[in-house]
Amino acid sequence: MTVCLLLLTVVALTAAVPAPRALVRSLWPEREPVVALWVWQCLVATVLMCCLAALTLGAAAVFHTVRDRVFAPAPPAVTAAYDLSVAPPWAVALTVLLASGAAWTTAMLARELVEARRRRDRTRAHLRERAPELPAGLPAARGPMLVLEDEYPDAWWMPGHPPQLVVTTGALHRLTDHQLDAVLTHERGHARAHHDWLLHLSSALATGFPRVPLFSHFCDQTQRLVELAADDTASRRCGHLTTALALIELNQHRGVLSCASSRRLLGERVDRLLEPPPRLLRRQRALTTTVAALVPLLPLLIAFAPGLTALG
């Protein structure tokens, strides 16, 4: 058990500190934002799997009840391979620390989901007040698209049940048909990829553990990469130039596309659309995706290694 816990600690620290810093310095994520998002998720999953595996082994060593439940179906040789008879003091401290971290993570995720639901409900109520009144007998605007009377051009996808695409009359007047199609495709790209869930997860982890480099970088990079990925979705359908012009038209009056964007990010997005970087080769994308998917399995391999060795 001691070797397993040490190996899990090393893997978790590697994935939480040097790996995200190296990924932030890399240039290829800008070329493949979807693949980069997958790599970030796999790094986070690796750290969480390490913590979960270490918590399970530590709790099994400290608490007999947990040990009996975890190793109930296992042969005696497997249980003996983990040497859970005596738990060192540092293992007890590590188990308490991991249990506290798990509880705090759950609390942060629950808080983020509750606050997101409250914000969404307030936004929907505000939109219902701003939406134009329809003649008597017509149903309320509950379709997939809602048009608001507003001189400022704007468009955004509002998740929920049902999800709605909100567009202002300013956007309809200022944008051409092709530019409007690019904006709508961009927002639909966010919806199809469920980027709102990624943003909630990254925000909750960064808020709960602000000093962990992986979680802070994951939050920052997720906000950036989801926009680049949606831009790519729009540019593939409507063209790079049309998408860039649509971004410029939407943001001339405020300089940002949405609340999560900044002026610097907008400039980078426009430059990237006007001079699109070359994509990675298909073989490189497949290799990166596969390797990233295998990394979260490493904690499971470490945790099950003593038992598999005993059975072999």
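The values are calculated or read from the model by the stated rules, or taken from the named source; none is laboratory data. Computed from a predicted structure; not experimentally measured. As a convention, Cβ positions derive from the backbone with ideal geometry for all residues, glycine included, and neighbour counts pool all protein chains shown. Areas reflect the complete protein model, heavy atoms only, side chains present, ligands, DNA and RNA absent. Shrake-Rupley method; radii C 1.70, N 1.55, O 1.52, S 1.80 Å.
Could you look through the stretch 269-291, keep only residues that are in a helix (DSSP H, G or I) and of a type in the set (A, V, I, L, M), and pick out the one that is nearest to residue 232 (Cα to Cα)? Spell out how you get there, then give the answer.
So the first thing to find is which residues in the stretch 269-291 are in a helix (DSSP H, G or I), and the list is 269-274, 282-291.
Of the ones still in play, those that are also of a type in the set (A, V, I, L, M) are 270, 273-274, 286-287, 291.
Numbers: 270: 12, 273: 8, 274: 12, 286: 18, 287: 21, 291: 24 Å.
Result: 273.
For residue 254, work out the one condition from (1) in a loop (DSSP other than H, G, I, E, B); (2) among the charged types (D, E, K, R); (3) at pLDDT 95 or above it doesn't fulfil.
Among (1) in a loop (DSSP other than H, G, I, E, B); (2) among the charged types (D, E, K, R); (3) at pLDDT 95 or above, the lone unmet condition for residue 254 is (3).
Tell me yes or no: at least one residue of the stretch 278-301 is over 20 Å from the mean Cα position of the chain (by Cα), at pLDDT 95 or above and crowded, with 16+ Cβ neighbours inside 10 Å.
For the stretch 278-301, residues over 20 Å from the mean Cα position of the chain (by Cα), at pLDDT 95 or above and crowded, with 16+ Cβ neighbours inside 10 Å: present.
Any residue in the stretch 204-224 that is part of a helix (DSSP H, G or I) sitting within a Cβ distance under 6 Å of a residue that is acidic (Asp, Glu)? List the pairs, counting only those 6 or more apart or interchain.
Close Cβ pairs (under 6 Å, with a partner that is acidic (Asp, Glu)) amount to 204/112.
Which residues, counting only those in the stretch 20-47, are within 18 Å of residue 219 (Cβ to Cβ) and either free of Cβ contacts under 8 Å to residues at least 12 places away in the same chain or not in a helix (DSSP H, G or I) (or both)?
Result: 22, 25, 26.
How many of the residues making up the stretch 158-171 are modelled with pLDDT under 85 and on the phi < 0 side of the Ramachandran plot? Walk me through it before giving the result.
Pass one, the stretch 158-171, residues modelled with pLDDT under 85: 158-165.
Keeping just the survivors that are on the phi < 0 side of the Ramachandran plot gives 158-159, 161-165.
Within the stretch 158-171, residues that are modelled with pLDDT under 85 and on the phi < 0 side of the Ramachandran plot number 7.
Do we find a residue being of a type in the set (A, V, I, L, M) and open to solvent by less than 10 Å² (accessible area, probe 1.4 Å) anywhere in the stretch 24-36?
Step one: list which residues in the stretch 24-36 are of a type in the set (A, V, I, L, M), which gives 24, 27, 34-36.
If we keep only those that are open to solvent by less than 10 Å² (accessible area, probe 1.4 Å) too, we end up with 36.
Yes, the stretch 24-36 has at least one match.
Only one of 190, 161, 173 is open to solvent by 60 Å² or more (accessible area, probe 1.4 Å), in a helix (DSSP H, G or I) and either farther than 21 Å from residue 23 by Cα or in contact with a Lys or Arg (Cβ under 7 Å, 6 or more places away or on another chain) (or both); which? Lay out the reasoning, then the answer.
Numbers: 190 fails: open to solvent by 60 Å² or more (accessible area, probe 1.4 Å); 161 fails: in a helix (DSSP H, G or I).
So the residue among 190, 161, 173 that is open to solvent by 60 Å² or more (accessible area, probe 1.4 Å), in a helix (DSSP H, G or I) and either farther than 21 Å from residue 23 by Cα or in contact with a Lys or Arg (Cβ under 7 Å, 6 or more places away or on another chain) (or both) is 173.
I'm checking my understanding of the structure. Among residues of the stretch 8-18 that are in contact (Cβ under 8 Å) with a residue 24 or more places away in the chain and surrounded by fewer than 19 Cβ atoms within 10 Å (Cβ to Cβ), which one is farthest from residue 216 (Cα to Cα)?
Within the stretch 8-18, the subset in contact (Cβ under 8 Å) with a residue 24 or more places away in the chain is 8-9, 11-12, 15-17.
Filter once more, so that each one left must be surrounded by fewer than 19 Cβ atoms within 10 Å (Cβ to Cβ): 9, 17.
Details: 9: 20, 17: 11 Å.
Filtering first and then ranking leaves 9.
Just one of 106, 123 is assigned to a helix (DSSP H, G or I), at pLDDT below 85 and surrounded by 11 or more Cβ atoms within 10 Å (Cβ to Cβ); which is it? Walk me through how you get there before you give the answer.
Numbers: 106 fails: at pLDDT below 85.
Just one listed residue meets the conditions, 123.
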